[in-house]
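Visitor: Okay, here's the structure, questions in a sec.
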Amino acid sequence: MATTQYDISTYLDEAKALAQKVAKVSDKIDHDRQIPTDLANEMADKGFFRLLLPESLGGAELKHPDFLQILEIFANVDGSTAWCVNQNNVFSTNSLRMPEDIAKEIWGEQRAVVTNGPPTSLSQAIPVDGGYKLSGRWHFSSGMDHATWIAAMAPISDGTGSKDASRDRTGARIMLIPKDQVTFLDLWQVNGLRGTASFSYEIEDLFVPMDHTYDPTWTPRNITGVYAIPTTLLFATGFSTVALGVARSSLDSAISIAGEKVPGRSSSLLQSQPSTHRVIGEAEAIWKASKAFLGQSASAVWESAYKKQSLTTEERINLRLATTHGIRMAAQIVDMTYNLCGTDAIFERNPIQRKFQDVHVMTQHTQGRFSNYETAGQFFLGLEPSGNF
């Protein structure tokens, strides 16, 4: 592990200060579908896209529990910003899989951010002398507006297009490309997580040198601490933390609204009605239980990764289950607050409206799929679990 001791209280204080700035421009983030450039640059300058990057590359190399504390601070004020903080930081752990000199080239700049997204069936890399000729289309590249590099996954093809990278990723490689070498596509026409700038891009017959590629299945050069945790579970834990942060904020908003709103055909405040008492009590129980399960599972994984540099199957399965459940329960909580607030909740002026849109985009992500419950169920039934964990 890193030998330099960082002061987590300093990071937390800085995160809170930045989160206040994010809160002030959250409407702009949503409307413009990106974090404002000056704010994204400030976050980068203060190291908030380098939190999980190894110290050897100029990163903070935070302990994972500390990173999650920071993530929760941003999630409480804006889901899109928190999503990008998680996405861009977790991907930086792949710096230990790519050639070391290329990792230094990419993250040599303080504002360096790598964005990635899944390939479509059009994507392929054809071997040529010294590297690959890359073509295709990629979607969901969160943080693309403030990113400086693109990580494009593609199958190695013979040129016949016989392999679909969107379905079969065996033998695929990650191609590292400066962002100015791709063609931007504005296909991020959505109602939730708009501010993530999860745009698409196209590439046609671009030469990518061999040393700017790597196999995502390669073992990291360093497998201590956070780097011993599978990347998919790092993504999942962060996204579940974001979802539960959005749910917490939605619940707090509902509690505030209940103290001011008199529902139609009623003479008393919303907070005085027994049905409101039940909804708030049930939502609090769901949130606290989901957060506790996520925290317990993430802590167990961290302890094993930090002390043993390895995880048991049960630890991985429990975290897969806790992260998926956190996302699904976060959506349930937001739905409860949305319904509680009645017609007011359908308007943009109501803070719950955006949280409703954001959390229902999160449930559609691979980390929130119901099929992840099946993976856990297989394990607990004594079967060989399938899926990604």
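Laboratory data are not the source of any read-out in this text; all were calculated from the coordinates shown. Just so we're clear, the structure is a prediction, and the values are computed from it rather than from any experiment. Using ideal geometry, Cβ is built from the backbone for each residue, glycine included, and neighbour counts are taken over all protein chains shown.
Visitor: Please arrange 347, 48, 91 by how many other C-beta atoms lie within 10 Å of their C-beta, fewest to most.
Guide: Lowest to highest Cβ neighbour count: 347, 48, 91.
Visitor: Checking the cross-link filter: which lysines have an alpha carbon closer than 21 Å to that of residue 355, excluding same-chain neighbours under 8 positions apart?
Guide: By straight Cα distance, residue 355 reaches 16, 21, 24, 28, 261, 288, 291.
Visitor: When the chain is treated as a GNM, springs tying every alpha-carbon pair under 10 Å, which of 244, 52, 122 comes out with the largest mean-square fluctuation?
Guide: Highest fluctuation of the listed residues: 122.
Visitor: If you don't mind, there's one more thing I want to ask. For q values of 0.14 Å⁻¹, compute log₁₀ I(q)/I(0) with the Debye formula on a Cα-only model of the chain, without solvent.
Guide: -1.26
Visitor: Another question about this same structure. What residue among 378, 124, 87 has the largest mean-square fluctuation in a Gaussian network model of the chain, using Cα springs under 10 Å?
Guide: Between 378, 124, 87, it is 378 that shows the largest mean-square fluctuation.
Visitor: Mind running the shape call on the stretch 114-214? Use the C-alpha gyration tensor, a ≥ b ≥ c as the square roots of the eigenvalues: rounded below 1.5 for a/c, prolate if a/b tops b/c, oblate otherwise.
Guide: prolate
Visitor: Which whole-number percent is the relative contact order of the chain (Cα, under 8 Å, 6+ apart)?
Guide: Normalised by residue count, the contact order of the chain is 16 percent.
Visitor: Turning to a different aspect of this structure: Using only the alpha-carbon atoms, how far is helix 231-258 inclined from the longest principal axis of the chain? Give it as 0 to 90 degrees, nearest 10.
Guide: The answer is roughly 20 degrees.
Visitor: Please arrange 360, 31 by how many other C-beta atoms lie within 10 Å of their C-beta, fewest to most.
Guide: 31, 360
Visitor: In addition: Rounded if a/c is under 1.5, else prolate if a/b beats b/c, else oblate: with a ≥ b ≥ c from the C-alpha gyration tensor eigenvalues square-rooted, which is the stretch 67-139?
Guide: Judged from the Cα gyration tensor, the stretch 67-139 comes out oblate (a/c at least 1.5, b/c at or above a/b).
Visitor: Is the stretch 266-389 rounded, prolate or oblate when judged by the Cα gyration tensor, a ≥ b ≥ c being the square roots of its eigenvalues, rounded requiring a/c under 1.5 and prolate requiring a/b larger than b/c?
Guide: Judged from the Cα gyration tensor, the stretch 266-389 comes out prolate (a/c at least 1.5, a/b above b/c).
Visitor: How would you rank 132, 306, going from fewest to most other Cβ atoms within 10 Å of each one's own Cβ?
Guide: 306, 132
Visitor: What are the lysines whose alpha-carbon lies under 24 Å from the alpha-carbon of residue 133, with same-chain residues fewer than 8 places away excluded?
Guide: Cross-link targets: 104, 163, 179.
Visitor: I've got another one for you. Kindly rank 307-316, 107-116, 327-336 from highest to lowest mean number of other beta carbons found within 10 Å of each residue.
Guide: 327-336, 107-116, 307-316
Visitor: Treating the beta-carbon of each Lys and Arg as +1 and of each Asp and Glu as -1, no other charges, what is the dipole magnitude of the stretch 114-214 about its Cα centre, to the nearest 20 debye?
Guide: Result for the stretch 114-214 is approximately 320 debye, rounded to the nearest 20.
Visitor: What angle do you read, to the nearest 10 degrees and between 0 and 90, between the alpha-carbon axis of helix 313-340 and the longest principal axis of the chain?
Guide: On a 0 to 90 degree scale, this one is about 40.
Visitor: Further question: Using only Cα atoms, find the angle between the long axis of helix 371-380 and the longest principal axis of the chain, and express it within 0 to 90 degrees, rounded to the nearest 10.
Guide: Between the helix axis and the principal axis of the chain, the angle is about 90 degrees.
Visitor: Taking the alpha-carbon centroid of each part, what is the distance from the stretch 176-223 to the stretch 1-72 in angstrom?
Guide: The stretch 176-223 and the stretch 1-72 have Cα centres spaced 21 Å from each other.
Visitor: Let me ask another. Under a GNM of the chain (C-alpha, springs under 10 Å), which listed residue has the highest mean-square fluctuation: 294, 234, 187?
Guide: Most flexible of the set in this elastic network: 187.
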